[in-house]
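Following: one structure in structure tokens, then a few remarks.
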Amino acid sequence: IFTSKYPGFLAQSSREEVLEYFRTAGISRLFVFPGRFHTDPDLSSLPENIAFFHENGIELGIWITTLGMGNPLPSKSKEKTKDYTSLHSVSGVVAGDAYCPRSKPFRRDLMAYIKKLAEFKPDMIMLDDDLTISARPGMGCFCEEHMKAFEEKLGKAYSLEELKEKIFCGGPTVERGA
């Protein structure tokens, strides 16, 4: 995987070397990680690189993280992400740069980024959640939006502690199924 953090890997001057390595190793598919949309990645080399690798029989896919990583938020992203709802784990930990899939502003911007990437016509786009919803910052999301969704679906308001008990302890429950 070659990322935009290391543009030399896909710079015109090194593409022949990369291509030779791929041919020697029998590699027929390359995935690039252009960067997270809220960091305003430079996508200017994508069309040229897609064309180069296609002309040489290599599929080129784009690999992006979707929900985030749960890491501290880069300072240059704070303004762009201020309206996003962060993931809130069952243990109460709030993620830095991992966002709730119910957050409408987050979904809007992520979908716009995916659409922009699709316009480059890569062979595929892989959407990766990097275990975010299940491990980073902890199990699940229990933000206000999710808590409201539980209430609407189950017809009852729950505290986080009540939901933890109902979802993670004992036998089957309607809460676990929600």
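The values are calculated or read from the model by the stated rules, or taken from the named source; none is laboratory data. Predicted, not measured: the structure shown is a model, and the values here were computed from it. Glycine also receives a Cβ, built like all others from the backbone with ideal geometry; neighbour counts cover every protein chain displayed. Remember, those area values only see protein heavy atoms, side chains included, never the ligands or the DNA or RNA. Shrake-Rupley method; radii C 1.70, N 1.55, O 1.52, S 1.80 Å.
Listed values, structure above:
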{"read-out": "Selection from segment 128-174 of residues that are at negative phi, open to solvent by less than 70 Å² (accessible area, probe 1.4 Å) and either among the acidic types (Asp, Glu) or touching a strand residue (DSSP E or B) at 6+ places or on another chain (Cβ under 6 Å) (or both)", "value": "Asp128, Asp129, Thr132, Pro137, Cys141, Phe142, Cys143, Glu145"}
{"read-out": "Answer residue from segment 53-69, given it is open to solvent by 20 Å² or more (accessible area, probe 1.4 Å) and either touching a His at 6+ places or on another chain (Cβ under 7 Å) or part of a helix (DSSP H, G or I) (or both) and is nearest to Ala95 (Cα to Cα) among those", "value": "His54"}
{"read-out": "Check on Ser77, modelled with pLDDT of 85 or more and under 17 Å from the mean Cα position of the chain (by Cα)", "value": "no"}
{"read-out": "Residue among Leu87, Leu110, Leu117 that is touching a Cys at 6+ places or on another chain (Cβ under 8 Å), surrounded by 12 or more Cβ atoms within 10 Å (Cβ to Cβ) and outside any loop (DSSP other than H, G, I, E, B)", "value": "Leu87"}
{"read-out": "Neighbours by Cβ (under 8 Å, 6+ apart or cross-chain): first from segment 46-60, in contact (Cβ under 8 Å) with a residue 40 or more places away in the chain and within 19 Å of Ala25 (Cα to Cα); second of a type in the set (Phe, Trp, Tyr) and in a helix (DSSP H, G or I)", "value": "Glu59/Phe53; Leu60/Phe53"}
{"read-out": "Only listed residue being within 27 Å of Pro72 (Cβ to Cβ), modelled with pLDDT of 90 or more and out of contact with any Phe, Trp or Tyr (no Cβ under 8 Å at 6 or more places or on another chain), chosen from Glu162, Glu119, Glu152, Glu144", "value": "Glu144"}
{"read-out": "Residues being open to solvent by less than 30 Å² (accessible area, probe 1.4 Å) and more than 15 Å from the chain's Cα centre (by Cα) - total across segment 90-107", "value": "1"}
{"read-out": "Hits in segment 1-41 - residues which are within 22 Å of the chain's Cα centre (by Cα), modelled with pLDDT of 80 or more and open to solvent by 60 Å² or more (accessible area, probe 1.4 Å)", "value": "Arg29"}
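Residues are listed down the side, and each one gets a yes or a no for (1) more than 30 Å from Ser28 (Cα to Cα); (2) without any contact (Cβ under 8 Å) to a residue 40 or more places away in the chain:
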residue	(1), (2)
Thr85	yes, no
His88	yes, no
Leu127	no, no
Leu160	yes, no
Cys169	yes, yes
Pro172	yes, yes
Gly177	yes, yes
